[in-house]
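Single-structure report; data block below.
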Amino acid sequence: MKNNKGFKTIAVVAIIISVVCITVAFAALNSSLTISGTATVTSTNAWKISFTDVKNSNVTDGAVVNTAPSATTPTPNLTWAATFSAPKASYTFTATVTNGGTIPAKLESAASYINASGAASTSFDYTVTIDGTTIDNYGGYVWAAGASKDIVVTVIFDKDAQLSSDELDDLNTEVATFTLNLPFTQATDSDVSAATSANKIFTA
C-alpha cells in the first residue's frame with residue numbers, strides 16, 4: 001500500500017510538472033519580439049535645381065534691357081524684358097544652372113525653351129546653347145548633385161531685316177517679355193546610369 005501511495009504521489013507530481021512544462025512551452029510559442037524605433041525624413045534642399053548666376057550680358061545697338069533676367073521658383077525660370085528699336089539688334093547673357101540639392105535632375109526635351117509675349121514677340125529669334133550647341137540636343141542630360149552648367153541665351157529682333165518701315169513703325173515702343181523655362185525632373189537611378197554610360201551627365 002505504501003508503495004502504491006508513493007507511486008501515486010510521484011505520478012501526481014510528474015503530471016503537475018508536465019502541465020507546467022506544457023504551459024511554459026505554449027507561452028514560449030506565443031511570445032512575440034517587438035522592435036520599436038523612429039525615422040526622420042529630411043527633405044530640405046533635397047530638390048534644389050536653380051539659376052545661381054546671370055552674367056556676361058551683351059546688348060547691341062538698338063536694344064535696351066528694361067528688366068534684367070531674374071529667377072523664379074520652383075521651376076528654373078528666368079524672365080526678362082527688353083525694347084528693340086532696330087533690326088538685328090540683340091541681347092545675350094549667360095545663366096548658370098546649378099543642382100544645389102542631393103537629388104540628380106534630368107533636363108526634359110521641350111518644343112521650345114523660351115516663351116515670349118507681347119505684340120513684338122513674333123519678330124524675334126531665340127537661341128539657347130550649352131557649350132556652343134543648341135539646348136535641343138541636351139534633352140535627357142543629367143545634372144548630378146552639386147553640378148553647375150552655363151547656358152547662353154540670345155534674343156535677336158528682326159534677324160534677317162525683313163520688316164518694312166510700316167511694320168517697324170507699328171512695333172514702336174512695344175515691349176516683348178521673355179521667359180526661359182528649363183523643365184527638370186527627378187532623375188531615377190536608371191536615368192543616371194544611362195546618362196553616365198552615354199556621357200550625358202554633368203558632375204560637380
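Given the peptides 96-105, 45-54, arrange them by the average over their residues of other C-beta atoms within 10 Å, most packed first.
Values: 96-105: 19.7, 45-54: 16.4.
Top to bottom by mean Cβ count within 10 Å: 96-105, 45-54.
Once the piece of chain linking S70 and T177 is laid out straight, how much longer is it, given 0.36 nm per residue of separation minus the C-alpha distance between them?
Numbers: separation 107, 0.36 × 107 = 38.52 nm, distance 1.21 nm.
Extra length from S70 to T177 when fully extended: 37.3 nm.
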Would you list which aspartates and glutamates come within 19 Å of K159, measuring only between C-alpha atoms, while excluding same-chain residues fewer than 8 positions from it? D61, D125, E167, D169, D170, E174
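Before anything else, pin down the relative contact order of segment 42-196: Cα pairs under 8 Å, at least 6 apart, normalised by residue count, whole percent.
Values: 356 pairs, mean separation 49.2, N = 155.
The normalised contact order for segment 42-196 reaches 32 percent.
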State the extension gain, in nm to one decimal, for the chain segment bounded by S121 and A204, taking 0.36 nm per residue of separation less the distance between their alpha-carbons. 26.2 nm
Could I have the simple spin-label model distance between L163 and A46, label points 7 Å from Cα toward Cβ, reported in nm to one decimal? 4.8 nm
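Fully extended, how many nm does the chain gain between S112 and N56 (0.36 nm per residue separation, minus their Cα-Cα distance)? Show your work: numbers first, answer last.
Values: separation 56, 0.36 × 56 = 20.16 nm, distance 2.30 nm.
Working it through step by step, the gained length comes to 17.9 nm.
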Calculate one ³J(HN,Hα) per residue across segment 88-103 by plugging θ = phi - 60° into the Karplus curve 6.51 cos²θ - 1.76 cosθ + 1.60, and present them in order as whole Hz with x for glycine and proline. 6, 5, 9, 9, 10, 8, 10, 10, 9, 9, 10, 9, x, x, 10, 9
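Read the figures in this text as sums done on the coordinates, not as results from a lab. Everything quoted here is computed from the prediction, not taken from an experiment. For neighbour counting, all protein chains shown are included, and Cβ atoms are generated from backbone atoms with ideal geometry for every residue, glycine included.
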